[in-house]
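Down below is the structure, laid out as structure tokens.
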Amino acid sequence: MTNAERIARLKKKIDDQVARSVGKGLNAGRIFLTSRIKETLSVPAPRIRIQTPSGETYYKATTPATPGAPPRKLSGQLRTSVTSRMLGTFTAVIGANARARPTVRRPLGFNYPSYHELPGLGARSGEHPFIRPTVLKYLVELTVIVGKELRLGLHPGKM
């Protein structure tokens with residue numbers, strides 16, 4: 001085995017170890033951030049229980065949420081819908097996929113996580129972001145956990 005082959009083999013081994021290390025850090029950061037987002041969504045709203053004539057029960061906030069603050073918890077469906085996964089060694093995705101009950105106007109149900117997070121989806125949309133502010137709040141901790149520079153992107157996904 002020549003020196004060039006040994007060097008190439010050693011370089012590949014080092015690159016593989018660095019990739020594994022970064023992947024483990026990113027996975028730990030993903031789990032940490034998912035937990036912090038769920039904590040953000042765990043603040044309960046003052047609420048009342050409403051029972052419809054058809055027997056369905058739902059909750060309604062008694063005071064409006066403060067614009068700019070994260071949505072407050074009524075049923076917990078939004079908090080429960082926050083999920084994350086690794087797409088590869090260097091890519092993690094965190095999102096929320098809660099939907100309101102289907103209606104004639106919205107047969108798939110209203111995508112309220114996107115409505116709260118992203119402006120421009122209708123009147124008052126984007127008033128209660130919860131993912132981006134949480135990421136920015138814990139950015140220093142995330143960088144330490146991952147051990148590498150992070151690139152962040154907010155994408156609306158499928159709406």
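Taken together, the values in this text are just the output of simple stated rules run on the coordinates, not laboratory data. Keep in mind it's a predicted model, so treat the numbers as computed, not measured. Backbone-built Cβ (ideal geometry, glycine too); neighbour counts: all protein chains shown.
Could you list, in sequence order, all residues of region 132-147 that are over 15 Å from the mean Cα position of the chain (by Cα) and exposed (fewer than 13 other Cβ atoms within 10 Å of the Cβ)?
Those that are over 15 Å from the mean Cα position of the chain (by Cα) and exposed (fewer than 13 other Cβ atoms within 10 Å of the Cβ): Val140, Val144.
If you check Leu108 against the conditions, is it more than 18 Å from Arg30 (Cβ to Cβ) and of a type in the set (A, V, I, L, M)?
In short, yes.
Go over the candidates Thr52, Thr103 one by one and state the one that is touching a strand residue (DSSP E or B) at 6+ places or on another chain (Cβ under 9 Å) and among the β-branched types (Val, Ile, Thr).
Going through Thr52, Thr103 in turn, just one is touching a strand residue (DSSP E or B) at 6+ places or on another chain (Cβ under 9 Å) and among the β-branched types (Val, Ile, Thr): Thr52.
Which one is surrounded by the fewest Cβ atoms within 10 Å (Cβ to Cβ), of the residues in region 106-121 that are over 19 Å from Val82 (Cα atoms) and within 21 Å of the chain's Cα centre (by Cα)?
Top of the filtered list is Gly120.
For residues in region 37-87 being among the hydrophobic types (A, V, I, L, M, F, W, C), assigned to a strand (DSSP E or B) and free of Cβ contacts under 8 Å to residues at least 60 places away in the same chain, which is nearest to Glu117 (Cα to Cα)?
In this case the residue turns out to be Val82.
Within region 113-130, track down each residue that is within 19 Å of Thr40 (Cβ to Cβ) and free of Cβ contacts under 8 Å to residues at least 40 places away in the same chain.
Pro113, Tyr115, Glu117, Leu118, Pro119, Ser125, Gly126, listed by residue number.
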